[in-house]
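Report on the following structure.
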Amino acid sequence: MSLNDPQWGKKGGGNNQGPPDLDELWRNFNQKLNGLFGKRGGGGGGSSAQPPSMRQIGGGLSILIVLVLALWLASGFYTVDAKQRGVVFTFGKYSELTSPGLRWRLPYPFQTQEIVNLSSVRTVEVGYRNNVQTKVPKESIMLTGDENIIDIQFAVQYTVKEPLDYLFNNKRPDETVLQVAESAFREVVGASKMDFVLYEGREQVATEAQKLIQSILDRYQTGIAISNVTMQNAQPPEQVQASFDDAVKAKQDLERQKNEGQAYFNDVVPRAQGAASRLTEEAQGYRQSVLANAEGEASRFKQVRAAYDKAPQVTRERMYIETVQQMLSSTSKILLDAKGSGNLLYLPLDKIMQMSAGALPDSDHPTKQSLVEPTPNPDAATRSRDALRDRQRETRP
């Protein structure tokens with residue numbers, strides 16, 4: 001028989017191999033319920049139903065009680081996730097702590113359970129609500145150690161580490177954390193200076209406050225673990241904000257001038273130190289040179305003295321010759337042969353030196369010495385004698 005056949009699933013034709021008719025099963029079930037509660041049956045003819053017997057009533061109540069009891073017992077099942085813990089109460093008193101998984105307890109009112117999430121991060125805002133612009137002055141205004149007033153907003157994040165302490169020792173956990181955080185921050189800020197809290201010490205203040213908050217909560221046995229403390233904003237009160245900005249600008253100018261002075265110092269001082277070191281080294285070198293020359297002269301004198309003691313005459317002549325040689329080597333010289341023809345030279349010596357210097361290149365003699373040797377010239381000799389006679393005549397009276 002095909003599934004599309006409208007006769008599929010119905011009795012008839014002597015063929016009982018098909019599945020039972022669902023409509024017929026539902027009608028039979030309704031007839032039994034009606035029979036239990038004394039309602040009219042499904043037959044025709046308009047005849048009224050017979051009143052149910054006590055046995056039928058008792059059977060129906062038993063079934064109903066069993067169903068209600070099954071539902072009541074099933075209400076004791078509950079599920080605990082991996083990041084949660086279940087706490088079971090027996091008549092309102094703690095009974096046990098259950099681990100993750102499918103658990104069962106006695107149904108209400110004998111036992112109840114409460115699920116505590118250990119991984120959920122809860123946040124408490126101190127000094128503001130939802131936005132730093134929405135300030136709460138009675139929480140944010142604090143007094144610093146240098147008697148200044150500061151406005152601070154910060155947030156505290158925490159988790160649950162001990163479910164039993166969290167449930168039994170805390171009536172309002174968020175309010176407890178808020179009050180403890182405010183008290184801890186006031187203590188830390190009250191021991192610090194205003195500039196330290198506003199600028200370089202913000203992270204340190206938050207760290208110290210977190211340690212202090214955790215210490216107080218552990219002392220109260222709240223079962224709470226502080227995971228993070230974040231300082232959202234720290235500034236002077238709005239009433240003195242303009243004056244504080246002026247003070248900050250003046251301090252920044254001071255720091256800038258100090259940095260410029262330090263840069264000038266770093267530029268000038270190393271150069272001065274380098275120049276001083278150079279002069280010191282030059283003086284040291286000159287000192288060593290003078291000492292070496294003096295020692296050399298002294299050594300040479302000692303050697304000459306030893307040679308003089310051995311041969312005084314030879315040493316004196318040698319010293320004389322060396323002295324004359326040293327003196328003549330640094331002067332210009334003109335050598336004349338006085339034993340020659342006896343001619344007189346009328347040219348100035350400086351002209352003769354210039355002529356000899358032009359005739360001899362500088363490379364021929366390093367000291368530019370000039371050697372002039374007159375050559376015999378009859379005409380020149382005659383002119384010289386005539387000139388001498390004329391001069392003698394003029395000098396006679």
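The values are calculated or read from the model by the stated rules, or taken from the named source; none is laboratory data. As the structure is a computational prediction, the values presented were derived from the model and not from experiment. FYI the Cβ positions are ideal-geometry reconstructions off the backbone, even for glycines, and counts take in every protein chain you see. Note: accessible area is taken over every heavy atom of the protein model, side chains too, but ligands, DNA and RNA are not part of it. Shrake-Rupley method; radii C 1.70, N 1.55, O 1.52, S 1.80 Å.
What is the local net charge at R85, summed over the other residues whose Cβ is closer than 10 Å to its Cβ (Lys, Arg +1; Asp, Glu -1)?
It works out to a net charge of -2.
I'd like the accessible area for R287, computed on protein heavy atoms only with a 1.4 Å probe and all protein chains in place. Round to 10 Å², please.
About 120 Å², ignoring ligands and nucleic acids.
Can you flag which of K83/K135; K161/K211; K93/K161; K161/K193; K138/K251; K211/K258 are past 27 Å Cα-Cα?
From the list (K83/K135; K161/K211; K93/K161; K161/K193; K138/K251; K211/K258), the Cα-Cα distance tops 27 Å for K83/K135; K161/K193; K138/K251; K211/K258.
Count the net charge of all other residues whose Cβ sits under 13 Å from the Cβ of A155, scoring Lys and Arg as +1 and Asp and Glu as -1.
-2
Over region 129-203, with every protein chain in place, what whole percent of the accessible area is carbon and sulfur at 1.4 Å, could you tell me?
Carbon-and-sulfur percentage of accessible area, whole number: 47.
Using the Cβ atoms and a cut-off under 9 Å, what net charge is assigned to the surroundings of T98, where Lys and Arg are +1 and Asp and Glu are -1?
Summing Lys/Arg as +1 and Asp/Glu as -1 gives +2.
Let me cross-check T176: its accessible surface, 1.4 Å probe, with only protein heavy atoms counted, in Å² to the nearest 10?
Surface accessible to solvent at T176 totals approximately 40 Å².
Report the Cα centroid-to-centroid distance between region 131-159 and region 175-241 in angstrom, as an integer.
So the separation of the two Cα centres works out to 8 Å.
Protein chains only, probe 1.4 Å: how do E125, E203 rank by accessible area, largest first? The partial results should precede the final answer.
Working: E125 50, E203 145 Å².
Sorted by accessible area, descending: E203, E125.
If you put +1 on each Lys and Arg Cβ and -1 on each Asp and Glu Cβ, how big is the dipole of region 57-168 around its Cα centre, in Debye rounded to 20?
Roughly 500 debye, rounded to the nearest 20.
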